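S.K.: Could you have a look at this structure, given as structure tokens, before my questions?
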Amino acid sequence: MHHGGVRIFDRHPRLRWAVPGAAAAVILAGAAVGTAGVSADSGLPAKTAGELLVDLQGATPQAMSGTVSYLADLGIPALPTGTSGGSSDLTSLASGTHTLRVWTDGAGKSRVDLLGERSEYDVIQNGKDVWVWDSSAVSAQHAVLTKDGAHEADTTAMQVPSTPQEAADLVLANLDPTTEVSVSGAGSVAGRPVYDLVLAPRQSGSKVARVVLSVDSETATPLRVQVFSSATQAPALYVGFTSVDFGTPDASVFDFTPPANATVTEMGGPDGSAGEAPQSNTAPPTVVGDGWTRVLVAAMPRPATAAASDASSGSQDLMTMLDSLPTVSGSWGSGHVLDGTLFTAILTDDGRIAVGAVTAQQVESALAAG
Amino acid sequence: MSASETAPVVEQSRRGPSAVRSHGRMLRSELRLIVGRRRNQMGLLVLASVPVMIAIALKVSTPRRGNNDFITAATSNGMFVALAALTIEIALFLPLAVAVLSGDAIAGEANTGTLRYLLTVPVTRTRLLLVKYAALAIGAVIGVVVVVVVGVLIGGLLFGLGPVTLLSGTQVSLAEGLWRLVLAALYVIAGLTALAGIGLFVSVLTEQPIAAMIAVTIISTAMWILDGISQLDWLHPWLLVHYWPAFADLFRQPMYLDEIGRGLLVNLAYAVLFVSLAWARFGRKDITS
């Protein structure tokens, strides 16, 4: 056996090259299987959009954990974050590919980690306690919720119309004039068979080509969301599990005690909402259009003069970036336009901002109307 | 031509345990050769100097807050000096060490004419190649261990050792932290051993040790450069070095093993492919000098 093999290679030395050749073939085959995943035909029974919506509502919050891949190609210029690469800052989510780890026990405890190359940005909810941990800044923020997550889940459950079927019909009836809703089965996410709920705008001018929500066939848990732009082939926004486990995660995952050398700040306010920037002095935004072609017109939260005085270098960078955007003008005035893959935003020189998932022309006409 | 393979093989099959002993002897003499070379001793000094430089630079500079990484974390726990040193040296110094060793492995022996004498020893070329590869792997172990041990020692000396704050903000005991450091070192060693596979193949192709060293250095450096070009992201999972920095994932709580697992697979694929390529070439090679 052993000798025979060696003798063959000795008599026909050329045959030796078959060994690395076979190794290469095995590697390529393994890689192909690895990327393609389990093949499609999962034999799922066909479902209508209504049935799928009923499943979605009926789904109880699941204990689960897994790894989520996040990809954003919004076509907006990279935000000046100060550091290059490996950032786990939340602003980095505006573009690029990221990996998140998520855990939830389905009853008020959850944790989301945004992984940087050698850093982490974690949001941990353990009952009433919410911790935000930023390893780059060695800082932890803490907030206490007035009601814990379990109660919150109850109230959302109560807002649902009397029967799930009624609610599903209501949603579909509301969607129908503007949206084509369809279901395609036999996909798979993280190795689990899913139903794809496809929402496509009937209206023209929308930058969104379609939204695909992939729902786990067994637990009715959404496992992937893809937003396709009419401008690009690949999804402009992709959030999906690469691996998922429906077991209850270890309770210690949700424990967080800030390390001794960390800066700990308490986020004030009993509802933990005080962390948000105060924007009360700006006029309420107006909405022009309906459905997918809705355009939001609002006064800009930044009064150019006041902000300039205490602007940090970061916001100055932002100003420079805004100024470098192409300009447009029309009957509504003039301003800078940010033409993304999924949305268009126009910042007018007189301090208004108009945003919509539509073409620049439609945002302009909304500005003229609003 | 290598018609000499059959006779020793038949002999070996009768030997059993003594064959293991003879291979052990061969490996030991190979390691003595590696460790004894003045050039390699200097190389180890260079590897050891990086954690020392990091620690001293941190000690004399004023502490800066913000943008915390392994380097700044070292000021609160000396253990991180070892991790910072690994992070830095994995890009050039450690691959360079592997390149130097693999240049000597076959090409060096062919160049000095000692390879011919090695082949007269009653051991098949296959066994000789495997012993050479094992010696390269042990060389990688020595290099990484030197970096890590010197890093922990100098870091402990200048900044002290204590409970380890992981990237997830969880604090674990020093023992747990050191255990994770050992795992990180093993993962780095696995990557370098795969690079040694490429080194062995290149070393079989040429009789010029310097050429082999330069080629291996260029290959590893080129892969780092390609890995840095984001437009080539489709290529990145195929690059040997792409998952190397993933050892940082061992310092998350719970440990994140997805990328490390993929990294080990890529390492294994490269090692199997290039060692078998080296074997195919070496079996037919005429040893002229």
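The values are calculated or read from the model by the stated rules, or taken from the named source; none is laboratory data. None of the values given here were measured: they were computed from a predicted structure. Glycine gets a Cβ as well: all are built from the backbone with ideal geometry, and neighbour counts include every protein chain shown. Heads up: the accessible areas ignore ligands, DNA and RNA and are worked out on the full protein's heavy atoms, side chains in. Shrake-Rupley method; radii C 1.70, N 1.55, O 1.52, S 1.80 Å.
S.K.: For A:Thr221, list long-range residues whose amide hydrogen, built 1.01 Å from N in the peptide plane, is under 5 Å from its own amide hydrogen.
M.R.: When sequence neighbours closer than 5 places are left aside, the close amide H contacts are A:Asp216.
S.K.: Using 7 Å Cα-to-Cβ label points, what is the B:Leu92/B:Met53 separation (nm, one decimal)?
M.R.: It works out to 0.8 nm between the two label points.
S.K.: What lysines sit close enough to A:Lys128 to cross-link, taking a C-alpha to C-alpha distance under 18 Å and skipping anything fewer than 8 places away on the same chain?
M.R.: Excluding near neighbours in sequence, the set is A:Lys109, A:Lys147.
S.K.: How charged is the neighbourhood of A:Gln165? Take every other residue with its Cβ under 13 Å from the Cβ of A:Gln165, and add Lys/Arg as +1 and Asp/Glu as -1.
M.R.: Net charge in that neighbourhood comes out at -4.
S.K.: Accessible area per residue of region A:49-266 at 1.4 Å probe, in Å²?
M.R.: Using a 1.4 Å probe on heavy atoms only, each residue of region A:49-266 averages 46 Å².
S.K.: For the pairing of chain A with chain B, what total accessible surface becomes buried, with a 1.4 angstrom probe, in square angstrom to the nearest 100?
M.R.: Working: alone 20870 and 14340 Å², together 31780 Å².
Summing both chains' loss of accessible area gives about 3400 Å².
S.K.: In whole percent, and with a 1.4 Å probe on the protein chains, what portion of the accessible area of region A:49-266 is carbon and sulfur?
M.R.: For region A:49-266, the apolar C and S fraction of the accessible surface comes to 54 percent.
S.K.: Hey, another quick one. What spacing in nm lies between the two simple spin-label points modelled at B:Arg116 and B:Ser173, each 7 Å away from Cα in the Cβ direction?
M.R.: The two pseudo-label positions are separated by 6.1 nm.
S.K.: Here is a follow-up. Given a 1.4 angstrom probe, I'd like the percentage of the accessible area of chain B that is carbon and sulfur, rounded to a whole number. Could you put the intermediate results ahead of the total?
M.R.: On the way: 8730 of 12600 Å².
Roughly 69 percent of what the probe reaches on chain B is carbon or sulfur.
S.K.: Let me ask something else. Using 7 Å Cα-to-Cβ label points, what is the B:Ile210/A:Thr248 separation (nm, one decimal)?
M.R.: It works out to 6.8 nm between the two label points.
S.K.: Using all C-alpha to C-alpha distances in region A:49-266, build P(r) with 10 Å bins and read off the rounded percent in each one.
M.R.: 8, 26, 33, 25, 8, 0
S.K.: Among the lysines, which have Cα under 28 Å from the Cα of B:Lys285 when same-chain residues fewer than 8 positions away are ignored?
M.R.: The qualifying lysines are B:Lys132.
S.K.: Using +1 at the Cβ of each Lys and Arg and -1 at the Cβ of each Asp and Glu in chain B, identify which of B:Leu136, B:Val275, B:Thr112 lies farthest towards the dipole's positive end.
M.R.: Checking the options against the dipole of chain B, the answer is B:Thr112.
S.K.: Which one, B:Leu83, B:Ile214, B:Leu265, is farthest towards the positive end of the dipole of chain B when Lys and Arg carry +1 and Asp and Glu -1 on their Cβ?
M.R.: The residue sitting farthest along the positive end of the dipole is B:Ile214.
S.K.: While we're looking at this one, here's another question. Counting Lys and Arg as +1 and Asp and Glu as -1, what is the net charge of the other residues whose Cβ lies under 9 Å from the Cβ of B:Val164? Don't skip to the end; give the middle numbers.
M.R.: Values: positive: B:Arg180; negative: B:Glu176.
Residues close to B:Val164 contribute a combined charge of 0.
S.K.: Also, I was wondering about something else. Calculate, for chain B, the solvent-accessible area per residue in square angstrom, rolling a 1.4 angstrom probe over the heavy atoms of the protein chains.
M.R.: Values: 12600 Å² over 289 residues.
Solvent-accessible surface per residue comes out at 44 Å².
S.K.: Please average, across the residues of A:256-266, the number of beta carbons from any other chain that are within 10 Å of each residue's own beta carbon, and give a whole number.
M.R.: Working: counts 4, 3, 4, 8, 5, 7, 4, 1, 0, 0, 0.
Per residue, the number of nearby Cβ atoms from other chains is 3 on average.
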